[in-house]
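Report on the following structure.
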Amino acid sequence: MNLAKKGDNSVPASDLRKFVERIENLIDERSKFTADIKTVYAEVKATGLDVKTVRALVRRRGMDKAEREE
């Protein structure tokens, strides 16, 4: 990949296109993950569990140990 020199504002079109495509793919993947998470929470609700509590558990497990102890 050709990197622009300092002070040079030009980037080859092919490099720009690759960056944009990578970003678009990541956005698409994020949308799929969001839909999957919503589906899981719907399953949680269908089993009779409290969704709010499960969300709190997920959030707490995402914290590091020091944050949980505060």
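How many percent of the accessible area of the chain is carbon or sulfur, using a 1.4 Å probe?
Solvent-exposed carbon and sulfur of the chain make up 56 percent of the total.
If I model a spin label at residue 37 and residue 20 as a point 7 Å from the Cα along the Cα→Cβ vector, what separation in nanometres do I get?
Modelled inter-label distance: 2.8 nm.
Number of Lys-Lys pairs in the chain under 29 Å by Cα, sequence gap 8 or more or different chains?
9
With Cβ to Cβ distances under 14 Å as the rule, what net charge do the other residues near residue 40 carry (K, R +1; D, E -1)?
+2
Could you do me a favour and compute the accessible area per residue for the chain, 1.4 Å probe, result in Å²?
Per residue, the chain has an accessible area of 96 Å².
Using modelled backbone amide H atoms (1.01 Å from N, in-plane), which distant-in-sequence or interchain residues come within less than 5 Å of residue 11's amide H?
Counting only residues 5 or more places away or on other chains, the set is empty.
The values are calculated or read from the model by the stated rules, or taken from the named source; none is laboratory data. If you're wondering where the values come from, they're calculated on a predicted model, not measured in any experiment. As a convention, Cβ positions derive from the backbone with ideal geometry for all residues, glycine included, and neighbour counts pool all protein chains shown. Just the protein is used for accessible areas: all its heavy atoms, side chains included, with ligands, DNA and RNA removed. Shrake-Rupley method; radii C 1.70, N 1.55, O 1.52, S 1.80 Å.
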